[in-house]
Amino acid sequence: MRNKSIHTFLVFFIFILFSFPINAHQLSRSFSKWEINNKDVEVSFTVPARQVTLLPAVEGPLSSLDTLLARHLEKHLKIYNSNEECNKIGEIQSSYDDNDYVRGQIKFTCENNGDEILIKNSSFFPVSIGHVHFARIKINDSDWQESIFTSSRQEATFSLLTGKSDQSKFEIFVDYIYLGFDHILEGYDHLAFLLAILLITFQFRKMLLSITGFTLGHSITLALASLGYVQPSGEAIEALIGFTILLVAYEALTIEEKNRYSFASILTLLIIILAAVSLFIGGTINMMTWIGLIIFTFFYNILLEDRQQAEKLNPLITIIFGLIHGFGFAGVLSELGLPKDGLVVGLLGFNLGVELGQILVVLIALTILFLLGKTYLSRYKGFVYDLTGMLLIALGVYWFVGRALGI
């Protein structure tokens, strides 16, 4: 940092940021579970309450969220057997729970004896074009099947004889590309880390190596965790993702300082204090991990002598930190579910979608920087660099502290 005023502004900015709720993932999504036994169908539909608050735009004002959801599902959730619509039994039972979710319980009866059932789900797409619905279907004694509904794919067909979907491997692959792409664009903490990487170097070749390192790292742990070989604590991983943003952005702003020992000591001391508080109140990170973070933070900051050395080591660091982010991606993917008949193609599709999203974000960032460099704003590039670094440090602090303390 170049002067004392920037130090002061950074502290002020962090306190301002703490005044606002920042959620790293704001996906528009809903979930359902379908249990089909011969002619009887029971459906449990769950959606975050914040999504239901959008429904008055299409359903009109109603007194409660559960009533809104019931009216919406009445119109937009159907099931067919041999092209004949199954009948609903009674009214849709909906309720609002303490976890800010609204749930709907629906029962159908299908009179036809065809070999296939067709589920049509157009719920929430009229108010959110990017909405994604995840359905789990169990037919008689067969295994659970997973299906994804999007604005471009609002139907799914299943065999009553085998209990399996007619969805091809290629369709599964495409669906999970969409999910991976959507997740990285909505995963603001992952995007913040990408931007922090770009602050270390502006040379395209070195930048490409760093992004490749991040890709390699998160691909390894995404596969290991999704396939069940490694299962770390999801809460601890989310906290460590905040730590990676904080450390890389802090490095970018202090790399050219002469007295790096002081800056390394300050950051290390703050982490020691946070570790003590977290262990005292029972946070999400265990003692051994805290010890590792403290040692790594101190020596990482004092061993980097200048920007040139930081650029050389950045690909290795992004591989290491990519391993952490990969566990974060895997946590989302495990929540969404991988199809049993398309586990590998789903995993590959999700990873490819993440890579495509990363490439898009990096290209947009580089294009903006290039265009700004052609204007009079280029004279303020030092200020913009510092401001961006401060923002990323503030975001890293917010996510790291909040998640480590479980608040």
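The values are calculated or read from the model by the stated rules, or taken from the named source; none is laboratory data. What you see is a predicted model, and the numbers here were worked out from it, not measured in a lab. Cβ: placed from backbone, ideal geometry, glycine included. Neighbour counts: every protein chain shown.
ASP100 falls short on exactly one of the conditions (1) surrounded by 14 or more Cβ atoms within 10 Å (Cβ to Cβ); (2) under 23 Å from PRO56 (Cβ atoms); (3) touching a residue at least 40 places away in the same chain (Cβ under 8 Å); (4) of a type outside the set (Val, Ile, Thr), and that condition is (1).
Contact annotation: residue pairs with Cβ atoms under 8 Å, 6 or more positions apart or on different chains, pairing a residue in the range 230-243 that is closer than 18 Å to ILE197 by Cα with a partner that is assigned to a helix (DSSP H, G or I) and polar (S, T, N, Q), are LEU240/THR289.
Matching residues to (1) closer than 20 Å to GLY180 by Cβ; (2) touching a Ser or Thr at 6+ places or on another chain (Cβ under 6 Å); (3) not assigned by TED's automatic domain parsing to the domain that holds LEU194:
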{"site": "GLU235", "(1), (2), (3)": "no, yes, no"}
{"site": "ILE271", "(1), (2), (3)": "no, yes, no"}
{"site": "ILE281", "(1), (2), (3)": "no, no, no"}
{"site": "PHE299", "(1), (2), (3)": "no, no, no"}
{"site": "THR318", "(1), (2), (3)": "yes, yes, no"}
{"site": "GLY328", "(1), (2), (3)": "yes, no, no"}
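Among the listed residues LEU303, LEU352, which satisfies the condition of being at pLDDT 85 or above and out of contact with any strand residue (DSSP E or B) (no Cβ under 6 Å at 6 or more places or on another chain)? Exactly one of LEU303, LEU352 is at pLDDT 85 or above and out of contact with any strand residue (DSSP E or B) (no Cβ under 6 Å at 6 or more places or on another chain), namely LEU352. The set of residues in the range 191-241 being among the β-branched types (Val, Ile, Thr) and surrounded by 18 or more Cβ atoms within 10 Å (Cβ to Cβ) consists of ILE197, ILE200, THR201, ILE211, THR215, THR221, ILE237, ILE241. Only one entry of LEU316, LEU363, LEU338, LEU333 meets the criterion of being aliphatic (A, V, I, L, M) and out of contact with any helix residue (DSSP H, G or I) (no Cβ under 8 Å at 6 or more places or on another chain), and that entry is LEU363. Only one entry in GLY163, GLY130 is part of a loop (DSSP other than H, G, I, E, B), out of contact with any Pro (no Cβ under 9 Å at 6 or more places or on another chain) and buried (at least 16 other Cβ atoms within 10 Å of the Cβ), namely GLY163.
None of GLU155, GLU146 is surrounded by fewer than 16 Cβ atoms within 10 Å (Cβ to Cβ) and either under 19 Å from ILE36 (Cα atoms) or aliphatic (A, V, I, L, M) (or both) except GLU155.
Quick check on the range 268-278. Is at least one of its residues small (Gly, Ala, Ser), free of Cβ contacts under 8 Å to residues at least 60 places away in the same chain, exposed (fewer than 14 other Cβ atoms within 10 Å of the Cβ) and under 15 Å from ALA239 (Cα atoms)? Looking for residues that are small (Gly, Ala, Ser), free of Cβ contacts under 8 Å to residues at least 60 places away in the same chain, exposed (fewer than 14 other Cβ atoms within 10 Å of the Cβ) and under 15 Å from ALA239 (Cα atoms), one finds none in the range 268-278, hence no. Taken as a whole, the structure places ILE172 among residues that are over 18 Å from the mean Cα position of the chain (by Cα) and outside the structural domain of LYS75 (by TED's automatic domain parsing).
In the range 94-124, of all residues being of a type outside the set (Gly, Ala, Ser), under 22 Å from PHE158 (Cα atoms) and in a loop (DSSP other than H, G, I, E, B), the one that is modelled with the highest pLDDT corresponds to CYS110.
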